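Below you'll find the structure, written out as structure tokens, and then a few comments.
The values are calculated or read from the model by the stated rules, or taken from the named source; none is laboratory data. If you're wondering where the values come from, they're calculated on a predicted model, not measured in any experiment. Here the Cβ positions follow ideal geometry from the backbone for every residue, glycine too, while neighbour counts run over all protein chains shown. Side chains included, ligands, DNA and RNA excluded: accessible areas come from the protein's heavy atoms. Shrake-Rupley method; radii C 1.70, N 1.55, O 1.52, S 1.80 Å.
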Number of protein chains: 2
Amino acid sequence: MRTVRVALVGFGNVGQALADLLDQRADVLYQQYHLDVSVTGIATARHGTIIAPDGVDLARTVAAIEDDPAATLPGALTGAIAIPAFIATVPADIIVELSPLAPESGQPAIRHCETALRNGKHVVTANKGPVAYGYRRLRDLALSQHRQFRFESAVMDGAPIFALVEKALPATKVRGFRGVVNSTSNLVLTMMTAGQTLAEAVAEAQRRGVAEADPSYDLDGWDATVKVCALMNALMDADVRPADIERTGIGDITADDLRAATAAGTAIKLVAEAWEARDGTPHGRVVPRALPLADPLATLAGTSNMLILRTDTMGDLAIGEYDGGTPQTAYGVLADILHIADSE
Amino acid sequence: MRTVRVALVGFGNVGQALADLLDQRADVLYQQYHLDVSVTGIATARHGTIIAPDGVDLARTVAAIEDDPAATLPGALTGAIAIPAFIATVPADIIVELSPLAPESGQPAIRHCETALRNGKHVVTANKGPVAYGYRRLRDLALSQHRQFRFESAVMDGAPIFALVEKALPATKVRGFRGVVNSTSNLVLTMMTAGQTLAEAVAEAQRRGVAEADPSYDLDGWDATVKVCALMNALMDADVRPADIERTGIGDITADDLRAATAAGTAIKLVAEAWEARDGTPHGRVVPRALPLADPLATLAGTSNMLILRTDTMGDLAIGEYDGGTPQTAYGVLADILHIADSE
């Protein structure tokens, strides 16, 4: 039996779901992989920081936060410790980066990832920011440090997009893709097609916990744009940033537009797409499109997501997710941890 | 640079496409994997048998068969050699099993796989028969011989279904699936929905090279049934045979049925499905179903295939293929060869 020591930066919904998952799956991990995943530290802005070389009691820690969302983590250090110092010194093999994302810069997640790699630790992040804004630098740093930089949960919750290409499609080049990758905008379009106004649809999406308090990041296409960058950089060896992507959101789409689309036998979707120009230059775009109903993207309702990869071996290959949410995001992080453990 | 020696049993469409692919991708395999895949033997019933320890000239061999479909392979042995003797003695690390399938028994493919494993050779097959009829035996034999038994191309051409579960979904249990996995029946239903008769649709599918001369194996649901077994055995740890699967084909579906389905806002598809009963027993079924258009399977047209896995980590996860055919089947075989090379 091997122990893999993991430290978490951030302990919000995904961190807590990961803690639950590690607790629930401990037996499976032991039986299938002879592996003990031990959480040796948790650093948060709101709940303090724990360092526990013998492993944090996850059930107790999650329960404390559930009982009181403002609680300090049980056993938290009394003195303050800065996150970079935590990352550098916590006795861990893998840093799991789950800090809140600044979508316009990818920080502080990128700095966290860099600090971890420079200190000889693997990195798993559920943040798309580091992949959209810092992929090449972090990939090269990881290579030079003989460590891994993994980010399955950056796009489509934990759906295994990056692992599919890396591990299940050898000798394959991804030449482009098209997909529906933003749940809020898709849910809003689905509800507007069913007759609700934009405001009603947004309110309902917020009530269901899909849309943020400020939904503009999703509705303006920014979330999809950052994901397009992450996908292009990691799958197409591109070196693009969100500002390089053509972007149109769904804010200008009216009930009349949706009625007309339905009458024409189409469905309007916010499509995230990328392709290679004739000279091989990669291009990306986020744009609402009226898709014929025979298009696999057209029937995606609510929070369903799908990505269709254009490959040079399998032609078009789709991967779709229907129940995406925090548990899937947490699973993607666990999968990355297991991929790292498997390669050690 | 490493050399992996591969011997082919069978050299029909898939074998020739694999030879083309190995020729075209030699540079990529060398650059990405420092790998030389050398075909050291080809055994066929119609074209004779080659054994070439230094590697067969693939371009010349494919060209000879293209020029004359009845040709003897250039450099073929003058004396006859039985296939089992070829498998046992050919200087190869991997036997690629591509012999014509007897769908009611999985033979002679199962015997070929066994002979290879017993002689310390890895096995890659594009045949679903060995997975449907002999999975557990072959898996256990491979384990005891420290060799691999791989079969990505058994279902949905080369779409990476088995590799997805094995390599990209760690610590995940597949609890069931539903899919459209038979291209002929789907193409026939698509054309009948567009107004053709069953006979016209079958003739058109044959003209396009999708349906066999005798289409009953596809239309009666047998092909999908054998695939359901392969998927259940390999993904759900089941131990079922085609006779264990409930099976209804599309032969009784009339133009009226399809019109009624369309009028009701549904599409009739031949659905391949499996699930666990309450006590954990796996069950499988192939049956035409009228699916609401919002079902991702409902919009699959023509030869498109999709499989939706029910998992205990990611919920429902879909993988879809839109351009399936011989090149994709050959790629699945290549991917299996590379997976074996990667683990050596």
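The calculated FRET efficiency for A:GLN196 paired with B:ARG118, based on their beta-carbon distance and R0 = 60 Å, is about 0.40. Under 20 Å of direct C-alpha separation, and excluding same-chain neighbours fewer than eight residues apart, A:LYS269 reaches these lysines: A:LYS227. Chains A and B together bury some 3200 Å² of accessible area, summed over both sides, with a 1.4 Å probe.
Residues B:ARG178, A:ARG241 ordered from highest to lowest accessible area at a 1.4 Å probe: A:ARG241, B:ARG178.
Multiplying the residue separation of B:ALA85 and B:HIS146 by 0.36 nm and subtracting their alpha-carbon distance yields 19.8 nm. Rounded to two decimals, the Cα-based Rg/Rh of the protein assembly as shown, with Kirkwood Rh, is 0.98.
Mean partner shielding of peptide B:296-305, defined as the number of other chain Cβ atoms within 10 Å of each residue Cβ, is 3. Relative contact order of region B:168-323: 33 percent, from C-alpha pairs under 8 Å at least 6 residues apart in sequence. Note on region B:168-323: dipole from Cβ charges, positive end direction compared against B:PRO170, B:GLN206, B:CYS229; the farthest Cα belongs to B:PRO170. Centre-to-centre separation between the Cα atoms of region B:160-191 and those of region A:21-68: 34 Å. Surface calculation, 1.4 Å probe, protein heavy atoms: A:ARG136 sits at approximately 80 Å² accessible. Among the residues of B:158-169, the average count of other protein chain beta-carbon atoms within 10 Å of the residue beta-carbon is 6. Sites listed here are GluC sites (Glu not before Pro) in region B:21-118 whose DSSP assignment is loop and whose Cβ has at most 16 other Cβ atoms within 10 Å: B:GLU104. Close amide-amide hydrogen proximity is noted between B:GLY302 and B:THR190, each under 5 Å apart and 5 or more residues distant or on a separate chain (H modeled in the peptide plane; Pro and chain starts excluded). If you look at the Cα atoms of region B:168-323, you get an Rg and a Dmax of 15.6, 47 Å. Distance from the axis that maps chain B onto chain A is least for the Cβ of the chain B residue given, with the whole Å value, as B:LYS167, 2. Here is how far apart the B:GLY195 label points are across copies: 3.4 nm, shortest first, using a point 7 Å from Cα toward Cβ. The label-point distance for B:MET1 and A:ASN13, in a model that sets each label 7 Å from Cα toward Cβ, rounds to 5.3 nm. With protein chains left intact and a 1.4 Å probe, residues in the protein assembly as shown average 39 Å² of accessible area per residue. Which of the three applies to chain B, rounded, prolate or oblate, going by the alpha-carbon gyration tensor with a ≥ b ≥ c and a/c under 1.5 meaning rounded? Prolate, because a/c is 1.5 or more and a/b exceeds b/c. Accessible-area rank, largest first, for A:ARG285, B:ARG207: B:ARG207, A:ARG285, with all protein chains present and a 1.4 angstrom probe. Nearest 20 debye, what's the magnitude of the dipole of region B:168-323 about its Cα centre given +1 on Lys and Arg Cβ and -1 on Asp and Glu Cβ? So the magnitude is around 300 debye. The orientation-averaged projection of the convex hull spanning the C-alpha atoms of region A:201-252 amounts to 4.2 square nanometres.
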